[in-house]
Amino acid sequence: MTNPKVYLVGAGPGDPGLITVKAVRLLERVDVVLYDYLVHPTLLRHCRSDAILRCVGKRKGHHSKKQAQINQLLRYYHLQGKTVVRLKGGDPFVFGRGSEELLYLKRHGICFEVVSGVSSAVAVPAYAGIPVTHRQLSRSFAVVTGTTKDPDFKKTHIPDADTLVVLMGVHYLEMLVERILENPRFNSGTPAALIYWGTVAAQRTLIGTLGTIVQVRDKEKVLPPTILVVGNVVSLAPVLDWVGELPLFGRRIFVLRAAEQAEDLVSELEALGAEVFCMPMLAYKPISRNLRKLSMSYLSRFQRLIFTSANGVKFFMEQLLAHQMDARILAGKKITAVGPKTADRLRQFGIVADEVPTPHHADGIFDMLWDKVQGESILIPGSALSREALSIQLKSVGASVTALPIYQTVPPKFSVYPVKDGDYVIFTSPSTVTHFLDSKMATDKKITCFAIGHVTTEKIHEMIQTRVITATDATTAALVDAIISYTTDHPNS
């Protein structure tokens with residue numbers, strides 16, 4: 001990006017889907033991202049691989065950087081000619097000290113721009129089924145900070161509004177309640193709610209009144225980050241709790257694939273209420289010596305090509321294109337794809353698969369082809385870790401088979417998201433099992449494993465003492481069905 005600038009950007013309240021399109025586009029382009037503690041970690045996957053990422057966030061009692069240090073970092077990177085995003089939770093101008101940072105930049109002649117975010121003051125109550133306004137119940141609302149330098153809140157102004165939303169409202173809750181009750185609009189019977197970690201899987205909503213909410217906090221041991229909502233609109237929460245009705249609400253699910261490879265799965269799981277973390281356990285490296293074999297004369301030997309993965313299609317076709325060849329070189333050959341994802345990747349290169357087996361795995365390919373391939377010469381370009389079983393089976397019925405490894409899997413470089421007890425982990429291949437264990441992400445954690453394919457299930461049982469649920473088919477739909485079914489049968493696991 002030319003003309004380095006500092007962008008003050010709102011990340012939204014927690015749910016990574018609530019970040020704005022403009023914010024995502026900036027994260028994809030800038031050199032440096034200075035982000036807050038409450039920013040959802042999956043948002044950082046939008047950043048360039050070479051971007052500088054630094055957590056400078058502050059939370060009660062755990063200040064990573066003081067405000068003056070953050071200001072100095074903004075100036076430091078700007079003077080280096082770098083474009084910077086200062087990524088703050090919620091909206092940067094709603095108790096986010098964003099204006100203080102911009103005043104500092106202004107004093108030092110640094111160009112800046114503001115990208116507003118979805119404020120937690122509105123979104124968190126909405127995720128708890130609490131509208132901040134309602135024509136009969138609340139014609140006004142006010143947002144208040146629950147932190148102050150006033151030790152007893154006597155000088156703290158409490159606005160006169162039908163609904164109060166208090167950010168960071170749990171630490172000084174007793175004094176806040178006392179001040180709010182000084183307003184004749186409210187009384188000890190006025191509904192009140194505490195919403196902990198709103199918009200993500202850890203969200204908890206605790207309902208009481210101004211007369212009981214302190215006892216509710218103490219009994220449930222509620223900690224920050226928590227928002228306090230006061231007003232008659234809180235009474236709508238049990239009726240409008242749309243999030244609580246989603247079948248996967250409250251579940252954290254780790255998908256051990258890159259986001260672009262798991263887009264459909266992630267979208268469906270999030271739509272069902274899950275908080276999803278994409279953590280690629282595999283990186284893919286081409287095997288150049290074998291890819292160089294893919295000449296016109298070499299390919300002319302084969303009557304059929306079998307693709308057992310979308311990655312195999314990618315490396316195969318990219319090799320052809322890099323050497324001025326395209327799909328026309330495959331004219332007259334039968335093309336088999338192991339499943340719909342592989343068939344979709346072929347279609348992106350202008351090739352429609354002749355056959356896609358059901359079920360979508362190597363045994364399914366053999367069951368579909370065993371009586372059709374006698375005398376055929378078949379090429380299977382794929383992973384170095386592909387099993388030999390398919391080649392052996394096809395040879396047994398009279399086919400001539402060449403398995404050509406054109407890529408290999410290697411452990412990726414990644415940022416580790418903390419795995420917690422009760423999390424779900426989706427494994428898509430035996431390699432993901434190995435690399436997941438090597439990452440030490442889930443040491444001593446009680447997780448539930450979901451697998452695509454019995455080979456992957458066997459690998460999990462070999463290496464982990466845990467519960468494993470296997471999808472009935474190697475499709476997104478079958479996997480999602482397995483997750484919903486398990487969650488329904490084990491609501492408290």
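FYI, it's all coordinate maths here, none of it is from the lab. All values reported here derive from a predicted model rather than from experimental measurement. Cβ coordinates were reconstructed from backbone atoms using ideal geometry, including for glycine residues, and neighbour counts include every protein chain displayed.
Couple of notes before you dig in:
- Ordered by the number of other Cβ atoms lying within 10 Å of each residue's own Cβ, fewest first, Cys111, Cys55, Cys47 fall into the sequence Cys111, Cys55, Cys47.
- Out-of-range pairs (alpha-carbon distance over 25 Å; input Lys22/Lys149; Lys285/Lys440; Lys66/Lys221): Lys22/Lys149; Lys66/Lys221
- Label-to-label distance for Cys55 and Ser188 is 4.3 nm, based on points extended 7 Å past Cα in the beta-carbon direction.
- Pairwise centroid distance, computed over Cα atoms, of the range 85-112 with the range 371-432, Å: 49 Å
- For a straight C-alpha distance cut-off of 14 angstrom, the aspartates and glutamates reachable from Lys154 (same-chain residues fewer than eight places away being disregarded) are Glu174, Glu178, Glu182.
- Estimated from helical segments only, the mean residue ellipticity of the chain at 222 nm is -8500 deg cm²/dmol, where each DSSP H run of four or more residues counts as -39500 (n - 2.57).
- Karplus-derived 3J(HN,Hα) values for the range 34-47, using 6.51 cos²θ - 1.76 cosθ + 1.60 with θ = phi - 60°, are 9, 10, 8, 4, 7, 5, 5, x, 5, 5, 6, 5, 6, 6 Hz; glycine and proline are entered as x.
- The fewest-to-most ranking of Tyr172, Tyr76 by surrounding Cβ atoms within 10 Å reads Tyr76, Tyr172.
- Taking Cα atoms only, the orientation of helix 476-489 departs from the longest principal axis of the chain by about 50 degrees.
- Taking Ser300, Ser120, Ser383 and counting other C-beta atoms within 10 Å, the order from fewest to most: Ser300, Ser383, Ser120
- Spatially proximal aspartates and glutamates relative to Lys446 (Cα-Cα < 16 Å; intrachain offsets below 8 disregarded): Asp421, Asp423
- Charge sum, other residues only, whose C-beta stays under 14 Å from Asn232's C-beta, Lys/Arg counted +1 and Asp/Glu -1: +2
- Computed on the chain, with alpha-carbon pairs under 8 angstrom and 6+ residues apart, the relative contact order is 10 percent.
- Candidate aspartates and glutamates - alpha carbon under 20 Å from Lys334, same-chain residues fewer than 8 apart omitted: Glu318, Asp326, Asp344, Asp354, Glu355, Asp363, Asp367, Asp371, Glu376
- Counting DSSP beta bridges with both ends in the chain, the antiparallel % (nearest 5): 30 percent
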